[in-house]
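Here is the structure we will look at.
No lab work stands behind these numbers, since they all come straight from the coordinates. For clarity, every value in this text was computed on a predicted model and none was experimentally measured. So basically every Cβ, Gly included, is an ideal-geometry build from the backbone, and we count neighbours across all protein chains shown.
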Amino acid sequence: MTTTRTTTTGTTTATARTVLISGASVAGPALAYWLRRHGFAPTVVERAEAVREGGYAVDFRGEALDVLDRMGLLERIRELDTEMGDAAMVDAEGCQYATLPAVIFAGDLEVLKGDLTRMLYEATRDDVEYVFGDSIASLTEDEHGVEVTFERGTPRRFDLVVGADGLHSRTRALAFGPEEQFVRHLGIYTAIFSLDNYLGLENTGRLYAAPGKAANIFTARANTEARAAFHLAAEHLEYDRHDRVGQQRIIAERFADDGWEIPRLLHEMAQAPDFFFDANAQVEMDSWSRGRVVLLGDAGYCAGPTSGRGTSQALIGAYVLAGELAASGGDHTTAFAAYEREMRGYVSEHQSVGREGAERFFMPAPTQEILDMLAAQAPENTRTTPIRLRDYAAPALHEPAAGAAVMGGA
């Protein structure tokens, strides 16, 4: 377990509140950034031992770019743009039969998720407490706060708790109930991993499709690396989420007889240090808060990878949640209700996009005419209901009092 912390001098005020954030991917650090700007004292707890690397590329669309700009990160993020161009669709012999326009999958700006996560951490680590290698074990709420126990650290008390811990949120399970009550499977499973750019691709990719399955490889980090993925159609698979070998066996068995580069990709998958496998799913909830606990990003309203909106929702949700807490003077009941009012329509639209994307994900050998039509109908070209980003008051940052203890071991 590793704790990163910085203690500085200053003066606290009655408006400063302690907030525990579970999850250090995108939503958690983004929320921590804005909470500090508004005078709150966030602590981020993350199950992993360090900032997570790896992962596929993530897109930024519309107002999410505005949030990055307000954080002073937009230009730095642009420097990491994959600059992905159109991708070739190939058959089992490797012959190209269509071109997938980049607008369908790359958004307005695209970077590797690991690069984004690291940048958000670096932007917050000097004035936000991070606790790595631990996770929430229990939550006990009373009228004044939440008593939190941890898998490894000593218990602590916080004014508020935020679950920003993804599709399989532990915070959601503790505060709201079992996962099966809220997670809606989209009928797709995906495996992602990194590998060498052995095909020598330059700012492009190759996509292979067969009935009920697909595979692709894209370049990354100025063509020095690549990322690959396997996708398969299935309503429900029984597997252990922590059994990497078992997950890889599922993929290997499903793609055992496929041509093109599939044998090589299966070999690379088995060697990859950052293999990730999960269902494509959405989270549907009547309310994102219960008492002093609130959910953010995929934990509360995952739209699914087929929406291309998860990262944008996380960034915008973090901005709005922190802003509403500041605007309400720390009154969580008022703030949580306002946060939902601001975000509900935006989330509902993206979840609709995600469901539509899942339905056409395994379309049989699409013609170039169909792909061009999809590009013309890409949601970023047709959406007419952007979310309104309020200019929330940002009071002077209140630092912890001189000598205040910033506890590790959470």
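Observations on the model:
- Taking 0.36 nm per residue of separation and subtracting the current Cα-Cα distance, fully stretching the chain between Asp69 and Glu93 would add 4.2 nm.
- Local charge for Thr154 was computed over the other residues whose Cβ lies under 13 Å away, with Lys and Arg +1 and Asp and Glu -1, and equals 0.
- For Ile188, the residues whose amide H sits under 5 Å from its own are Ala234, Asn280, ignoring neighbours fewer than 5 places away on the same chain, with H placed 1.01 Å from N.
- Modelled this way, with points 7 Å down the Cα-to-C-beta line, the labels at Asp196 and Glu49 are 2.7 nm from one another.
- Stretch gain in nm, segment Glu359-Asp108, where the contour uses 0.36 nm per residue and the Cα spacing is subtracted: 88.0 nm
- Estimated distance in nm for a label pair at Arg78 and Arg157, the labels positioned 7 Å out from Cα along Cα-to-Cβ: 4.8 nm
- For Arg264 and Asp126, a Förster radius of 41 Å and the Cβ-Cβ distance give a FRET efficiency of 0.40, rounded to the nearest 0.05.
- The 3J(HN,Hα) values that the Karplus relation (6.51, -1.76, 1.60; θ = phi - 60°) gives for region 319-331 are, in residue order, 4, 5, 4, 4, x, 5, 5, 5, 5, 8, x, x, 6 Hz. Gly and Pro appear as x.
- Nitroxide proxy distance, nm - points 7 Å out along Cα→Cβ at Asp274 and Ala256: 3.1 nm
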